[in-house]
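The values are calculated or read from the model by the stated rules, or taken from the named source; none is laboratory data. Not measured: the values here are computed from a predicted model. Quick reminder, even Gly has a Cβ in these numbers, built from the backbone with ideal geometry, and neighbours come from all protein chains shown. Surface areas here come from the heavy atoms of the whole protein model, side chains and all, with no ligands, DNA or RNA. Shrake-Rupley method; radii C 1.70, N 1.55, O 1.52, S 1.80 Å.
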Amino acid sequence: ILIDGTVLKLNNIELRNDIGYTSKFPKWAVAFKFEAQELTTKLIDVVWQVGRTGKITPIGLVEPIELAGATVKRATLNNYGDIQRKKVQINANVFVRRSNEVIPEILGVASFNDSCYPILKPTNCPSCGANLVEDGANLFCPNYYGCPEQIEDRITHYCSRNAMNIEGISEKTVAVLRTNLNVHTVADLYKITVADLLNLESFKDKKSLNLINSIEKSKNPNFSNFIYALGINGVGEKTAKDLAKHFGTIENLMSATVEDLIVVNDIGEVIANNI
């Protein structure tokens, strides 16, 4: 059994009541994370992925290693600034760990050799070819409405379980819908008909009807799920719940000013402007 940490709790109920809680956690419990396992392997190549916000993330392809109960073949490098800071090169031996025992991450270089060479900063989006924009340590694709990977990631996020929970839509399904039915925004999902789906090779009567019913059902979402589904930069599940509780309706949220938003717990000017 893999264990990544432990929690120490006070076992006296009376003292627990005296010590109390913060707004999120009990003060009478303390969590300890064990140091993550680190191993070395060879960095074979780097590929660049486009996220739903347009951010370009470098993914290191490494020689497979068994790490914390999983076979690791890919590990994140976060951004180009991270590559420069860690001085990572192709063919170098690198330290890899699973961050929080989940996401494989390249920590730095263990050793160089004569076959090593630098990782070049991309100038064009790997998905649509648009000229990339540099913002601090990150690179972004500005082609918001025309970049296939951005479009598909946004729609996939919108349909995910903790967002609108539209069953039957996976990343592969979204790619099919974009390519064959011109679904480029989440609004386009609500224009799809059973007849449209039946024209697609992978859809039969029952599958098509189930998907349309699931899309129809999503027209009456929980407010916080809807806010999260929009994919606003910096607005995760917790912030979405805080916004839903504070504003109550979509009309109130849409009419909120930056000043109205920053009074909500954990929302600063950057996220307020994003909203």
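Observations, loosely collected:
- Hey, I13 over 21 Å from C141 (Cβ atoms) and open to solvent by 60 Å² or more (accessible area, probe 1.4 Å) or not: yes
- Residue list for the range 82-98, filter: over 15 Å from T40 (Cα atoms) and either open to solvent by 30 Å² or more (accessible area, probe 1.4 Å) or touching a strand residue (DSSP E or B) at 6+ places or on another chain (Cβ under 7 Å) (or both): I83, Q84, R85, K87
- Search result, residues across the range 201-230 that are without any contact (Cβ under 8 Å) to a residue 60 or more places away in the chain and in a loop (DSSP other than H, G, I, E, B): E201, S202, F203, K204, S218, K219, N220, P221, N222
- Selection within the range 168-183: residues that are open to solvent by 60 Å² or more (accessible area, probe 1.4 Å) and touching a helix residue (DSSP H, G or I) at 6+ places or on another chain (Cβ under 8 Å). The member of this set that is farthest from C147 (Cα to Cα) is E171.
- Criterion: assigned to a strand (DSSP E or B), modelled with pLDDT of 95 or more and closer than 13 Å to L120 by Cα - qualifying residue of V62, V46: V46
- Any chance A137 is small (G, A, S), at pLDDT below 90 and open to solvent by 30 Å² or more (accessible area, probe 1.4 Å): yes
- The residue list A36, A75 contains one member that is within 26 Å of C125 (Cβ to Cβ), small (G, A, S) and either within 24 Å of the chain's Cα centre (by Cα) or not in a strand (DSSP E or B) (or both), which is A75.
Every residue, every condition in (1) at pLDDT 95 or above; (2) part of a strand (DSSP E or B); (3) within 18 Å of the chain's Cα centre (by Cα), yes or no:
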| position | (1), (2), (3) |
| --- | --- |
| P104 | no, yes, yes |
| V109 | yes, yes, no |
| S115 | yes, no, no |
| C128 | yes, no, no |
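- Residue within the range 102-111 that is of a type in the set (D, E), in contact (Cβ under 8 Å) with a residue 12 or more places away in the chain and open to solvent by 50 Å² or more (accessible area, probe 1.4 Å) present: no
- One residue alone among N143, N165 is at positive phi, among the polar types (S, T, N, Q) and open to solvent by 40 Å² or more (accessible area, probe 1.4 Å), and that residue is N165.
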